[in-house]
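These notes are about the structure you will find just below.
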C-alpha cells in the first residue's frame, strides 16, 4: 500500500481512542463544593474547643453542656423540615441561606466576647439560631454529593479527608487563639468560613437534568405548594422501609446519649484540668490525624459489604473515652485518638455512601433528615445530661461507660443481618440514579402501605 493510498482509502484500522477511564473528580462543581465544605469544616472544628475553653470557665460543665445541647436540640426539632425544604427548593439554595445566618450568629458572638463576658442568654440564643441554620443546611449535604461528583465514594472519602484535616488544624488553632487572643478571634474566623462557604456554593451551577432528578428543578416547582405533611410522610416511608438504616440510627441514638453527647464536656474537663487547655486541643487534633488516615483508607478500599467492614473499624472509637477515663498519659491519649479517628472516618464513608446510593435521589434529602434527626437527638440529650450526671458518678467513670457502650454497639451492628449483609451499590463508583436495592434491603412490610403513613402522623 502506497502513501497516497493510505491517505485516501477509508480507515479500517481499529479505533485508537483509549479505553474509558475514570471520570475526573476535580471538575469545577466539585472543586467549589469541596472548597465550601473544607473552609466550613475548619470553622466547625474550632467550635467545640472554643465552647469548652471559652464557655467552660464562665459557666462550668453544665454551661458547656447546655449551650451544646440547645444547639443540637434546635437542630433535631427542625431538621425534618430542612429535608423537605431541600427537596422542594433545592439543597444548594438552602445551604447558602443557612451559611449566611451563621455568619450573623458567629459574628455576634465574636463581638460579644470582644466587648466582655457574654451573658448566658446570648450564648443560648445564638446557639439556637445556629442550630436552626444547620438544620436547613445538613440535609442537603448528602444530596449534593451525587450532583457534584460522579463517584460518590471517592467524593465522600475526599470530603472526609478534608474533615480530618479540619479536625487536625481546627482544635489546635482554637486553643492557640484562645490562649493568645481570646474566644472572639475564634468566633470571628468561624463567621468568615461560613461567608466563604456561601460564596462557593452560590457559584455552583448544576445541570437541569441533575436538579430535576433530585427534585429541585423546574419540574418540581409545581409541588412546592403541596402538603408539608405528605412530604414528611413520604420521607418517613422511605426511611422506615430500609431496615439497615433505621437499625443503625437506633444504635446511634444510644451512642448519642452515652458516647458522643457527654464526650466533649467530660473529656475537655478531665484533660484540660490535668494537662492544660493546649493539651486538649492537641489531643483533638490527633483525632484529625486519624481521620485523615481513615479517609485515605476509604479511598483505597471498596468492600462488598461496606457496613460490615465499617463496624469493626468503628470499635476503635472506644479508645477515646477509655483512654481519657483511665487517665492515660499524653502520648497514649494521642495514639488512641488517632486510632479512634481513623475508625470513625472509615465507618462514616461507608455509611454516607450507602445512604446516597441506596436512596432515590428525589427523596434523598428527606431521608437524610430523618437519619440526622435520629442520630443527633441522642447527642442533644447526652450533652444536656453530662453535667447533672457528674453528680451521680465521676467524669472518669462515666467515660468508661461510654467506651463500653461503643463496643456493645459495634457488636450489635454485626449481629443485625440487614446491616451485616447490605451489599455495595454499583453507583458507589459511578454516577447515575440509585440502583435497585438488594432483596432484603427494604422491609417489605413497610413499603408504601398504611403502617408507615400512620407512624408518620
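Within the range 382-396, being out of contact with any helix residue (DSSP H, G or I) (no Cβ under 7 Å at 6 or more places or on another chain) and closer than 13 Å to residue 325 by Cα holds for 393, 394.
When you check residue 124 against the structure, is it without any contact (Cβ under 8 Å) to a residue 60 or more places away in the chain, more than 11 Å from residue 30 (Cα to Cα) and either surrounded by fewer than 24 Cβ atoms within 10 Å (Cβ to Cβ) or touching a strand residue (DSSP E or B) at 6+ places or on another chain (Cβ under 6 Å) (or both), yes or no? Considered against the rule, which asks whether it is without any contact (Cβ under 8 Å) to a residue 60 or more places away in the chain, more than 11 Å from residue 30 (Cα to Cα) and either surrounded by fewer than 24 Cβ atoms within 10 Å (Cβ to Cβ) or touching a strand residue (DSSP E or B) at 6+ places or on another chain (Cβ under 6 Å) (or both), residue 124 comes out as yes.
Being over 15 Å from residue 145 (Cα atoms) and either part of a loop (DSSP other than H, G, I, E, B) or free of Cβ contacts under 8 Å to residues at least 12 places away in the same chain (or both) is true for just one of 321, 331. Which residue is that?
Result: 331 is the single residue among 321, 331 that is over 15 Å from residue 145 (Cα atoms) and either part of a loop (DSSP other than H, G, I, E, B) or free of Cβ contacts under 8 Å to residues at least 12 places away in the same chain (or both).
Scanning the range 34-88 for residues that are without any contact (Cβ under 8 Å) to a residue 60 or more places away in the chain and over 22 Å from residue 281 (Cβ atoms) yields 77, 78, 85. The test for being within 24 Å of residue 166 (Cβ to Cβ), at pLDDT 80 or above and over 20 Å from the mean Cα position of the chain (by Cα) does not hold for residue 37. For the criterion of being in contact with a helix residue (DSSP H, G or I) (Cβ under 9 Å, 6 or more places away or on another chain), under 24 Å from residue 343 (Cα atoms) and either in a helix (DSSP H, G or I) or at pLDDT 80 or above (or both), residue 177 fails. Among the residues of the range 76-95, is any in a loop (DSSP other than H, G, I, E, B) and surrounded by 23 or more Cβ atoms within 10 Å (Cβ to Cβ)? Checked against the condition, which is being in a loop (DSSP other than H, G, I, E, B) and surrounded by 23 or more Cβ atoms within 10 Å (Cβ to Cβ), the range 76-95 yields at least one hit.
Residues in the range 10-28: is at least one modelled with pLDDT of 80 or more, surrounded by fewer than 21 Cβ atoms within 10 Å (Cβ to Cβ) and on the phi < 0 side of the Ramachandran plot? Yes - at least one qualifying residue is present in the range 10-28. From the list 359, 353, the one residue that fits, being crowded, with 22+ Cβ neighbours inside 10 Å, outside any helix (DSSP H, G or I) and modelled with pLDDT of 85 or more, is 359. Quick check on my filter: what residues within the range 29-49 are surrounded by 24 or more Cβ atoms within 10 Å (Cβ to Cβ) and farther than 24 Å from residue 200 by Cα? Result: 49, single match. Tallying residues that are under 17 Å from residue 52 (Cα atoms) and at pLDDT 85 or above within the range 362-384 yields 1.
Of everything in the range 239-262 that is part of a helix (DSSP H, G or I) and more than 20 Å from the chain's Cα centre (by Cα), the residue that is surrounded by the most Cβ atoms within 10 Å (Cβ to Cβ) is 240.
The single residue among 159, 147, 201 that is at pLDDT 80 or above, within 20 Å of residue 105 (Cβ to Cβ) and part of a helix (DSSP H, G or I) turns out to be 201.
If you go through the range 109-121 and keep only what is surrounded by fewer than 17 Cβ atoms within 10 Å (Cβ to Cβ) and within 19 Å of residue 70 (Cα to Cα), you end up with 119, 120, 121.
Inspection of the range 294-310 identifies no residue that is at positive phi, touching a residue at least 40 places away in the same chain (Cβ under 8 Å) and either surrounded by fewer than 21 Cβ atoms within 10 Å (Cβ to Cβ) or under 20 Å from the mean Cα position of the chain (by Cα) (or both).
The values are calculated or read from the model by the stated rules, or taken from the named source; none is laboratory data. Nothing here was measured: the structure is a model prediction, and the numbers come from that model. Virtual Cβ from ideal backbone geometry, glycine too; neighbours counted across all protein chains shown.
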